[in-house]
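Written below as structure tokens is the structure these notes are about.
The values are calculated or read from the model by the stated rules, or taken from the named source; none is laboratory data. Computed from a predicted structure; not experimentally measured. Note that each Cβ is placed from the backbone with ideal geometry, even for glycine, and that neighbours are counted across all protein chains shown.
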Amino acid sequence: MVVCRECGSENNSGSRFCSHCGEKLMEEELDELGSENTSSLYNRKKKLVYIMPATVLIILTAVLVLYYNHSVQVNHSVLKEKEEAEKMALEGHYNEAEKRLAEAAEQRPDYQGLERSLSTVHDVQKMQEDLDSVESSIEENELDKALEQLAKVNKEMIDNENQLVVTLTPKLNQLDSRITVGKINNEVKELTKVDELADKLNTLSGLDLEEAARAREKITEKIVSISTKKAEDKINEKQYNEAIAAVDEGLQYVINHEKLLQLKERVEQEKQAFEQEKRERMEQAMEQQALEEMKNRREAVNVLDIEAYKDEFGDVTIDGEVQSEATSIISSIEVTYDILDKDDEVLETDTAQVYPMYLNPEDKGKFEQIYYDYEKEEDISVEVTNVQWFVE
Amino acid sequence: MKRAWLTSAILTVLVLAVGVLAFYFIQQKVPSELEASSILDKPVPEEDEGNVTKNTQEIIYESQKSVVQIELDNGTIGSGFLYNDQGDVITNAHVVANTEDVKVINVDSKEMEGQVIGASRSSDVALVRVPDLAEAEHDYLPVTEDEDTELLTEVLALGSPLGLQNTVTRGEISGLDRNFELDPFTYENVFQISAPISPGNSGGPLINGETGEVIGINSAKLGDESIGFSIPVLDVMPMVQQWSKSPMKDLPEYPELTAGSEALNEQTDADQATYIIQYFYDSVNQGDFVTAYSLLSSSWQEEKSFEEFREGYSNTLSVSVDNIVADPDGEEVKVSCVITSEETAEGEVEIKKYNLDYTLGYENDQMMILSGEGEEVD
């Protein structure tokens, strides 16, 4: 008897096909399964044979699916990590970025993008270190050295310019500005001219730094003090317009500076006072000159003494002395006098020359005249009627 | 039975093999799905500078709207140009020297009031604020930011030469870094331009013929030759911006630029000193002691009153200068002279010779005799 595996109907042994359903009857079945009981056992055994590959397949598939998912997950997280790290790097957190990139690289060592990011970050870290050393050079006031270092970093940055490197540019510019400001600060000490200082002020005007603001303040202070000093010197030299020019020069850079404005006002007042004084002095001199001239012309000669006396021969001598009261030389003084008799009748009017011809101020001169005609007159007197002179 | 087991084992091995292959495949394939790019080392995108070159006609048309003529009550005419939206007009200091209020005329011949709010004593630059130009939201001229101007750059000079408004002359930069002084201004690193300009151009803009940006302020003309100069605008911008921000309360004075002061300066100091000493003795000789005294410096006058001064000549009949030599010494001039004087003593006239040394210098802008001493020559 052969039992069909399909429908379970019995067939004659030796039949190759089931008479009921037409299924092929297996030899083994024919051989080994003689009864209903053995047939189920046989079936179980047969299934057992295939359970191993099936299980392996299932487990393997599961493992592979899990593994695939995991790998994709890792990809995601590495990508995310990289993106975040790059973002950080671009924000300037290079060290953090480096750490994260390195961590990500452990997971995906062959990922070139990661490697490139990492090496870029390393480059930038190196440049940043260089910039830090520039900064410390600046702080030590070794500006030439700093400038040299900075030029080197700058060249490197230009040669390797990329998105990350340019994040260092603000820092580079800032350091450059600081060097400029530092240099100016050093130079300002030496500068003594307003226009040179103003040049520095121009250079500083483009820099938006705290140091620059301080340097500007220092320079304006210096401009004010130089202008003030120059103006004071010029006041002392009585060169008022030059003093004003000095103040104006300062004011053009240090606009509306209170002290300079006051100084300018003061200079103007002093200038006016000076001119006023000078005018007064000259007016006084002119007045004095006029007075003196009047005096020299009208009252320059004082007749100190004049007398007439007779000698034993009856000759009458008239002599006298004059003194110059002029303020300049007077010359050719002529004294005109009347000779009077005892009744005060004019006998004669005559003129005598004073000698010497030139009389300096306060010098005295004399005159003398002898008359032979007055023997009979008893009492003769003389009276000055006029004095004439030249003012030299 | 045996055959079944064999088949099963082979199947298992196959499955395992496929599985391992698949594992390796995943291991290779999934990581390589990561793109190899890095944002960080991407090159920086080139910035598009957008330097559109305008044609000359456009530049002229647009610029002229911002160029004004500046007139002073005394008849001085100059030019200027609007540079910001506050109605601030840049011009030359010598155009608006010693004035506060000026008349500004724009391209449409509209007259406006302007006030000088800043002027430099050292560089020939001033700033005039014209409120009407601010309100009208006028176009203003762009000022260059390029520090390097090259020789043979094509330029346009705009302005009102001789009062002829809206004149444009074309030329090129024919020289750089020219330095000279024209009292009281110092012209430093100025451009020399081949475009002919005349006095009315002073203060007008020099415009780059390609970009339309202002690069200079046309200025002083040296001599009669047709050489124009232009002050690089960048050199003075910081100062100008300061004035714009805080207008000057008190403008600088330019006594050098007031009418008539020029003629005096033609003479050298030595000539003037010689003249003054001669004039001094001429005055003494004529007895005009006030004039002679007025030639002395105020500090000398303060020491020596007019009376004392006069007394010194009370025995002098006449003086004449025989010989006079002037030597400039810094800002001062040393003058040595020999004079012959007729003096009276004891009524006698004596003739004496004196050797005198005078120092002359400026006091309140006038040359004065600061000090002097002398001795008789035997």
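Within the range A:245-263, can one find any residue that is charged (D, E, K, R), closer than 28 Å to B:GLU332 by Cβ and either more than 48 Å from the chain's Cα centre (by Cα) or part of a helix (DSSP H, G or I) (or both)? Yes, the range A:245-263 contains a residue that is charged (D, E, K, R), closer than 28 Å to B:GLU332 by Cβ and either more than 48 Å from the chain's Cα centre (by Cα) or part of a helix (DSSP H, G or I) (or both).
Pick from the range B:234-265 the residues that are more than 14 Å from chain A (Cβ to nearest Cβ) and over 29 Å from B:ASN189 (Cβ atoms): which of them is modelled with the lowest pLDDT? Here the residue is B:ALA263. Cβ separations smaller than 6 Å between residues 6+ apart or across chains give the following pairs from the range A:189-205 residues that are more than 11 Å from every other protein chain (Cβ to nearest Cβ) to residues that are outside any helix (DSSP H, G or I): A:LEU197/A:LEU191. If you go through the range A:124-142 and pick out every residue that is surrounded by 19 or more Cβ atoms within 10 Å (Cβ to Cβ) and farther than 22 Å from A:ASN95 by Cβ, you end up with 2.
Residue by residue, here is whether (1) within 20 Å of the chain's Cα centre (by Cα); (2) within 26 Å of A:ALA198 (Cβ to Cβ); (3) within 14 Å of another protein chain (Cβ to nearest Cβ) holds:
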| position | (1), (2), (3) |
| --- | --- |
| B:ASP85 | no, no, no |
| B:VAL95 | yes, yes, no |
| B:ASN106 | no, no, no |
| B:ALA119 | yes, yes, yes |
| B:SER123 | yes, yes, yes |
| B:LEU162 | no, no, no |
| B:GLY175 | yes, yes, no |
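Checked against (1) in contact (Cβ under 8 Å) with a residue 12 or more places away in the chain; (2) under 24 Å from A:ALA231 (Cβ atoms), B:ILE339 passes all but condition (2). Selection over the range A:69-110 of residues that are surrounded by fewer than 13 Cβ atoms within 10 Å (Cβ to Cβ) and among the β-branched types (Val, Ile, Thr) gives a count of 0.
What about A:SER332, is it touching a strand residue (DSSP E or B) at 6+ places or on another chain (Cβ under 7 Å), within 14 Å of chain B (Cβ to nearest Cβ), small (Gly, Ala, Ser) and crowded, with 18+ Cβ neighbours inside 10 Å? Break it down stepwise before answering.
Working: touching a strand residue (DSSP E or B) at 6+ places or on another chain (Cβ under 7 Å): yes; within 14 Å of chain B (Cβ to nearest Cβ): yes; small (Gly, Ala, Ser): yes; crowded, with 18+ Cβ neighbours inside 10 Å: no.
Considered against the rule, which asks whether it is touching a strand residue (DSSP E or B) at 6+ places or on another chain (Cβ under 7 Å), within 14 Å of chain B (Cβ to nearest Cβ), small (Gly, Ala, Ser) and crowded, with 18+ Cβ neighbours inside 10 Å, A:SER332 comes out as no.
For the range B:114-131, the set of residues classified as out of contact with any helix residue (DSSP H, G or I) (no Cβ under 7 Å at 6 or more places or on another chain) and not in a strand (DSSP E or B) consists of B:ASP124, B:VAL130, B:PRO131, listed by residue number.
From the list B:TYR354, B:TYR358, which residue is over 23 Å from A:VAL391 (Cβ atoms), over 48 Å from the mean Cα position of the chain (by Cα), more than 8 Å from chain A (Cβ to nearest Cβ) and modelled with pLDDT of 90 or more?
On the way: B:TYR358 fails: over 48 Å from the mean Cα position of the chain (by Cα).
So the residue among B:TYR354, B:TYR358 that is over 23 Å from A:VAL391 (Cβ atoms), over 48 Å from the mean Cα position of the chain (by Cα), more than 8 Å from chain A (Cβ to nearest Cβ) and modelled with pLDDT of 90 or more is B:TYR354.
Of the residues that make up the range A:306-329, is at least one among the aromatic types (Phe, Trp, Tyr), in a loop (DSSP other than H, G, I, E, B), free of Cβ contacts under 8 Å to residues at least 24 places away in the same chain and surrounded by fewer than 17 Cβ atoms within 10 Å (Cβ to Cβ)? Yes: one or more hits. Evaluating A:GLU258 against the criteria (1) buried (at least 18 other Cβ atoms within 10 Å of the Cβ); (2) more than 9 Å from chain B (Cβ to nearest Cβ); (3) within 18 Å of B:TRP243 (Cα to Cα) leaves one unmet condition, (1).
Here A:LYS238 passes the criteria (1) closer than 30 Å to A:GLU196 by Cβ; (2) part of a helix (DSSP H, G or I) except the one numbered (2). Just one residue in the set A:THR180, A:THR167 is closer than 30 Å to A:LEU251 by Cβ, of a type in the set (Ser, Thr, Tyr) and either touching a residue at least 12 places away in the same chain (Cβ under 8 Å) or exposed (fewer than 14 other Cβ atoms within 10 Å of the Cβ) (or both); that residue is A:THR180.
Among the residues of the range A:335-379, write down those that are in contact with a Lys or Arg (Cβ under 7 Å, 6 or more places away or on another chain) and surrounded by 12 or more Cβ atoms within 10 Å (Cβ to Cβ).
Step one: of the range A:335-379, the residues in contact with a Lys or Arg (Cβ under 7 Å, 6 or more places away or on another chain) are A:354-355, A:378-379.
If the condition is that a residue be in contact with a Lys or Arg (Cβ under 7 Å, 6 or more places away or on another chain) and surrounded by 12 or more Cβ atoms within 10 Å (Cβ to Cβ), then A:VAL354, A:TYR355 are the ones that fit.
Do the conditions hold for A:VAL224, that is, is it part of a helix (DSSP H, G or I) and within 16 Å of the chain's Cα centre (by Cα)? In short, yes.
The rows are residues; the columns are (1) touching a strand residue (DSSP E or B) at 6+ places or on another chain (Cβ under 8 Å); (2) aromatic (Phe, Trp, Tyr); (3) within 14 Å of chain B (Cβ to nearest Cβ); (4) not in a strand (DSSP E or B).
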| site | (1), (2), (3), (4) |
| --- | --- |
| A:LYS295 | no, no, yes, yes |
| A:LEU304 | yes, no, no, no |
| A:GLU362 | yes, no, yes, yes |
| A:LYS366 | yes, no, yes, no |
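Out of everything in the range A:147-163 that is among the charged types (D, E, K, R) and either within 14 Å of chain B (Cβ to nearest Cβ) or touching a His at 6+ places or on another chain (Cβ under 6 Å) (or both), what residue ends up being farthest from B:LEU40 (Cα to Cα)?
Let us first name the residues in the range A:147-163 that are among the charged types (D, E, K, R), namely A:148, A:152, A:155-156, A:159, A:161.
Still in the list and also either within 14 Å of chain B (Cβ to nearest Cβ) or touching a His at 6+ places or on another chain (Cβ under 6 Å) (or both): A:159, A:161.
On the way: A:ASP159: 15, A:GLU161: 10 Å.
Looking at the filtered set, the residue picked out is A:ASP159.
Among residues of the range A:380-392 being more than 18 Å from A:GLU307 (Cβ to Cβ) and buried (at least 17 other Cβ atoms within 10 Å of the Cβ), the one that is modelled with the highest pLDDT is A:TRP389.
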